[in-house]
Structure formats: C-alpha cells, structure tokens
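**Student:** Got a structure for you, questions after.
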There are 2 protein chains.
Amino acid sequence: MLSKAKVKYIQTLGQKKFRDQEKLFIAEGPKLVKELLETNAVQVTQVYALKEWIIENGKLPGKTETIEITEADLERISQLTTPNKVIAIVRQFDTDNRLLTKGKITLALDTIQDPGNFGSIIRTADWFGVEQIVCSNDCADLYNPKVVQSTMGSIARVKVLYVDLKEWLTAQKDIRIYATVLEGQDITTMKKLHEGIIIIGNESKGISEEILKLANVKITIPKKGKAESLNAAVAVGVVLGWLV
Amino acid sequence: MLSKAKVKYIQTLGQKKFRDQEKLFIAEGPKLVKELLETNAVQVTQVYALKEWIIENGKLPGKTETIEITEADLERISQLTTPNKVIAIVRQFDTDNRLLTKGKITLALDTIQDPGNFGSIIRTADWFGVEQIVCSNDCADLYNPKVVQSTMGSIARVKVLYVDLKEWLTAQKDIRIYATVLEGQDITTMKKLHEGIIIIGNESKGISEEILKLANVKITIPKKGKAESLNAAVAVGVVLGWLV
C-alpha cells in the first residue's frame, strides 16, 4: 500500500502551484500512458500501476520507475471519476519561449479557459499537422489533468507557449494573421494556407477587441442553421479542415 | 427562501429517472434560458431567478411562472459549479418517434456517451442546418444537465430520437448511409451531400461492427499530423463543414 505521504504528494500534483514547483504533471489511463512512454521527447519518471497493467506492459525502458499499486491506492491517487489501471508522473516540457512562425501554421488561443476544449484543440491541431500553439496567459493550464487527458497524447507532440498575446502578435512581422469571427471571409472560398497565424477566441466572448485589431484577415465558418456559435474546439476542426 | 421540499424536487431533476417521470428538465444561465424562452416550440414552466435577472427580463410571456430566489437558494438548486443567475424548468419535447430521412441530412450517433460531446454535436448540427439526429439507446441522455448546457440552446431546434440503431438503419430504404471511419473515402474529394445518414461512432471504440456493416460508404477526414483520432464533436464539425 502506498504511504500517506506518497498519496498526498501525487494528489498535490493536481494543483498548478505544486506541478510547476516540481516541474511534473500527471497522465492517466493505459492509452495515454502508453503513448507518452513511446514518445522519445517525453520523460515519464514514475508509473503507478495495477498488477495487470504491469504484466501486460513488461519492464519499462530507461529511467522510468514502476510501482505496483492496489485498486484502493489507485482510487486515492487518481483524478478521474473512473480510475483506469495506471497513472504516470511525467516531467513538464522544456520551453525555450520562442516559436518560428515563418512557413508554418500557428494557432493563437485568446483566453480558452475550458480544460476539455483546450485539450481537444491541441489534439485537433495534432491531427491536422499544426505543430505549435501560442496561448494568452489566461488560457487553461497545459498540465491541468483534464487538459492532459483530453489531448489524448497529442500533448507530447504539439508545442504550447504561453505569452502576452497582444505583445507577441504585435512582434510578428511579414506573416498573415487570421481571426475567426462571426462575420468575415467565408473559409470555404479561401485557398489552402501554408503559413499564417490563426486566432481562436474565448468560448463565450470571442476574440477580445485589442487582439482582433492585430489581425489582417477576418475569417468565418459559414452558418447554414441557427446555432449562435460553435464550440471552440469544433471551430478549430472546421477551420483547419478547410485551410490546412 | 425556497422550501426544503422545493429544493429537493429541483435537485432530483438532475436524475434521469425523475426527469422522465415528471417529463421535465433543467436549463441554467441567462443565455440558455433566454434562448429557450424565445423559442415557441419550448415550454418553460418555471423560472427561478435572482432579483437582478427578473428586473432585466421583465414579465415573462405566457404560462411561465417566475420565482425570485436568493443567491443561497440558487447555490442549492444549481447543478453548475458556478451558478449563474437563473434556472428554468422546461417541459421535455414530444417525440413522435418517426423521422423522415428523404431529402435531408440525418446524423446517427452510435454510443456517444460523454454529455459534453453529445451537447456539442447537437450544437454543431444546428450550426450546419442538420435538423435531426438519431441516437443508439446507449447514448447520453438528451436531458442530462451537461448535455443541455453544452447544446447552448440548440436543444430546442434539433430533433433527437433514441432508437435501436441497428434496427432503425436496417429499416432505411433508398438512402445512402455514410460511416465516418479512420480509413475510408477522403471527404475533401467528395461532393456536397443533400441527403443521407452520417454515422458517428463512440469516442474511444468508433462505430461498432454490426452498425458499420449497414453503411454504404465509408468516409474519412484526411489526417496530416499524428493524433490517433479526433474528438467526436470535432469530427462532426469537420465532416459537416465539408459535406453539407
């Protein structure tokens, strides 16, 4: 059985303050943990797993420590409503605070606060080959367990940078900035993009005025029915589906 | 202050059994409640609201009863983490159990179990003008508070029918059935659809084998990056963005 201190320690990684202090985060469930273990760039420091998971997965490579736990232990350390066999403690990624935007598609997120949406956006970017995302500092935390879970492993492949979005966009030269809004150019009439920054706005307020001013082109997903807006992650999917 | 019995009654509407017994459901927040109040087809029986909401919205039309409540009352009856001014009790919709598929686009959901995803799918359908959805009986409950919230009002406009999906699809004649899978025809090479049934599969398992057999055409969102799959609601967005 895991010691009380150990359980407490893992539980505290649910909080941003402690995660950042320890430079770690938590990932749960066989699918996600497997994907992280298989990604070279990711350092999984410890895996807490039920016996059945350990038997299935054998000895783990490199420096990853495996700790066998009971169902009861798992219940205590899991952040999920339905704990699922295994929890990994993973090192946070190095960020060098710079992104090259030239020749690439970059997503810019303005105040995406719902962890599930944020994770889904990262996963969607990964599907469409978009490798980098800049976020305003008030977006959800990348290492929030709900974000991590909803990226479904894409967290290991998409570079995410937190910035003062206004400042960052202002500093971008010689590159087009697209803003997804309710009344702009119909994306279905546009050519594929090979480079550019695409801004996605907050779930209920859209893109803030000071950010919107920095865009060169306003773009829109044509509406055929009556919904007032689309979910932010769905909007990212439709836009990338058309434009990349 | 609301009576204990009243609070208890509203709280029980969080549970499917009681919702179905009373033929009611709950909707929360100014935006959603406003949209439901403005939709003719929807019957809002009662509105529990803070004084500020009542002043802003004035007398409600028709048979809707308005009950002024305190912040403390709201906390007690709300299903949200952050209660938001107003809660409406709404009559469940009549369903005549039949849908005409001829000349229309119909979504068919196979075991979509996450309430947020399900709600987002309804909202996305509404954006793209898809007016009807059939669901396998093991999909999330339409009146689950999380589903209701994430439809953002589209619940009032999209017809949702629960069926034995295998039986229902088998009974469809003279209409094409499309299944979204990982290896099928690239949707970006297809013409717009004016009629057809589009099947979307479970978040982690995809479309079940017995359902997949009933499809005429397998379709795919081309992948350019490395994510294993897309979120179900995002997939609906991309597919409808291309095909309708």
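**Student:** Do any GluC sites (Glu not before Pro) in the stretch B:149-244 lie in a DSSP loop with no more than 13 other beta carbon atoms within 10 Å, and if so, which? List each step's numbers first, then the result.
**Tutor:** Working: sites: B:Glu167, B:Glu183, B:Glu195, B:Glu203, B:Glu209, B:Glu210, B:Glu228; in loops: B:Glu195, B:Glu203, B:Glu228.
Loop-located and lightly packed - B:Glu195.
**Student:** Would you work out if the protein assembly as shown is rounded, prolate or oblate? Take a ≥ b ≥ c from the square roots of the eigenvalues of the alpha-carbon gyration tensor; rounded if a/c is under 1.5, else prolate when a/b is larger than b/c, oblate otherwise. Write out the running numbers ahead of the final one.
**Tutor:** Working: a/c = 1.32, a/b = 1.19, b/c = 1.11.
Taking the square roots of the gyration eigenvalues as a ≥ b ≥ c, the protein assembly as shown is rounded.
**Student:** If you restrict to DSSP beta bridges whose two residues both lie in the stretch B:38-105, what percentage is antiparallel, to the nearest 5?
**Tutor:** Numbers: 5 of 9 bridges.
Counting only bridges with both partners in the stretch B:38-105, antiparallel ones make up about 55 percent.
**Student:** A:Glu209 to A:Lys16: extension gain in nm, 0.36 nm per residue of separation minus the Cα-Cα distance? Write out the running numbers ahead of the final one.
**Tutor:** On the way: separation 193, 0.36 × 193 = 69.48 nm, distance 2.89 nm.
The span from A:Glu209 to A:Lys16 would gain 66.6 nm if fully extended.
**Student:** For the residue pair A:Asp138 and A:Thr170, what label-to-label distance in nm results when each label sits 7 Å from Cα along the Cα-to-beta-carbon direction?
**Tutor:** 1.7 nm
**Student:** Using amide H atoms built 1.01 Å from N in the peptide plane, name the residues 5+ places from B:Gln43, or on other chains, whose amide H lies under 5 Å from its own.
**Tutor:** Distant-sequence amide H within range of B:Gln43: B:Arg91.
**Student:** Would you mind classifying the stretch A:178-244 by shape? Square roots of the alpha carbon gyration tensor eigenvalues, ordered a ≥ b ≥ c; an a/c under 1.5 is rounded, otherwise it is prolate if a/b is larger than b/c and oblate if not. Working shown, then result.
**Tutor:** Working: a/c = 1.55, a/b = 1.04, b/c = 1.49.
Cα axes put the stretch A:178-244 in the oblate bin.
**Student:** If you don't mind, another one. Could you pull out every one of the lysines with an alpha carbon less than 21 Å from that of B:Lys104, ignoring same-chain neighbours closer than 8 positions?
**Tutor:** In chain and number order, the partners are A:Lys223, A:Lys224, A:Lys226, B:Lys159, B:Lys166, B:Lys173, B:Lys191, B:Lys192, B:Lys218.
**Student:** Where the only charges are on Cβ atoms (+1 Lys, Arg; -1 Asp, Glu), what is the dipole of chain A about its Cα centre, to the nearest 20 debye?
**Tutor:** Values: 33 positive and 30 negative charges, 47 e Å.
It comes to approximately 220 debye.
**Student:** Using each residue's phi in the stretch A:139-155, evaluate 6.51 cos²θ - 1.76 cosθ + 1.60 at θ = phi - 60° and report the 3J(HN,Hα) Karplus result to the nearest Hz, with x for Gly and Pro.
**Tutor:** 6, 4, 7, 3, 9, 4, x, 5, 5, 3, 4, 7, 6, 6, x, 5, 4
**Student:** Okay, next question. Amide H of B:Lys159 versus every other amide H placed in the peptide plane: which residues, excluding those fewer than 5 positions away on the same chain, fall under 5 Å?
**Tutor:** Hits under the 5 Å cutoff: B:Gln132, B:Ile133.
**Student:** So what are the ³J(HN,Hα) numbers for the stretch A:125-130, from phi and the Karplus equation (6.51, -1.76, 1.60; θ = phi - 60°), rounded to whole Hz, Gly and Pro as x?
**Tutor:** 4, 4, 4, 8, x, 8
**Student:** Return the average number of partner chain Cβ atoms within 10 angstrom of each residue Cβ along peptide A:117-128. Don't jump to the answer; show the numbers that get you there.
**Tutor:** Numbers: counts 3, 0, 1, 8, 2, 1, 7, 8, 2, 7, 14, 8.
Partner Cβ neighbours, averaged per residue: 5.
**Student:** Let me ask you something else. Give the long-range amide H neighbours of A:Leu193: residues separated by 5 or more places, or on another chain, with amide H under 5 Å away, using H modelled in the peptide plane at 1.01 Å from N.
**Tutor:** Amide H to amide H, under 5 Å and 5 or more residues apart or across chains, A:Leu193 pairs with A:Val244.
**Student:** Rounded, prolate or oblate: which one fits the stretch A:105-243, using the alpha carbon gyration tensor with axes a ≥ b ≥ c (rounded when a/c is under 1.5, else prolate when a/b beats b/c, else oblate)? Provide the component values of the computation, followed by the final result.
**Tutor:** On the way: a/c = 1.39, a/b = 1.20, b/c = 1.16.
Rounded.
**Student:** Need the C-alpha centroid separation for the stretch B:142-188 versus the stretch A:1-47, integer Å.
**Tutor:** Cα centres, the stretch B:142-188 to the stretch A:1-47: 37 Å.
**Student:** Could you derive backbone 3J(HN,Hα) for the stretch A:9-23 from the dihedral phi with the Karplus parameters 6.51, -1.76 and 1.60 (θ = phi - 60°), listing whole Hz in sequence and x where the residue is Gly or Pro?
**Tutor:** Couplings: 4, 5, 4, 5, 5, x, 9, 4, 4, 6, 4, 6, 5, 8, 6 Hz.
**Student:** In a shell of Cβ-Cβ distance under 13 Å around A:Gly225, excluding A:Gly225 itself, what net charge do Lys and Arg (+1) and Asp and Glu (-1) give?
**Tutor:** Net local charge, A:Gly225 excluded: +4.
**Student:** Moving on to the next point. Counting DSSP beta bridges with both partners in the stretch A:105-243, what percentage is antiparallel, nearest 5?
**Tutor:** Details: 1 of 23 bridges.
Taking every DSSP beta bridge within the stretch A:105-243, about 5 percent pair in antiparallel fashion.
**Student:** Percent antiparallel among DSSP beta bridges with both residues in chain B, to the nearest 5?
**Tutor:** Working: 11 of 37 bridges.
Expressed as a percentage, antiparallel bridges in chain B total about 30.
**Student:** Between copies, how far does the label point of B:Lys205 sit from its twins, in nm, shortest first, when each point is 7 Å from Cα along Cα→Cβ?
**Tutor:** Counterpart label points of B:Lys205 in the remaining copies fall at 4.2 nm.
Values in this text are rule-based calculations from the coordinates and carry no lab data. Model, not experiment: these values are computed from the prediction. Neighbour counts are summed over all protein chains in view; Cβ atoms, including those assigned to glycine, are modelled from backbone coordinates with ideal geometry.
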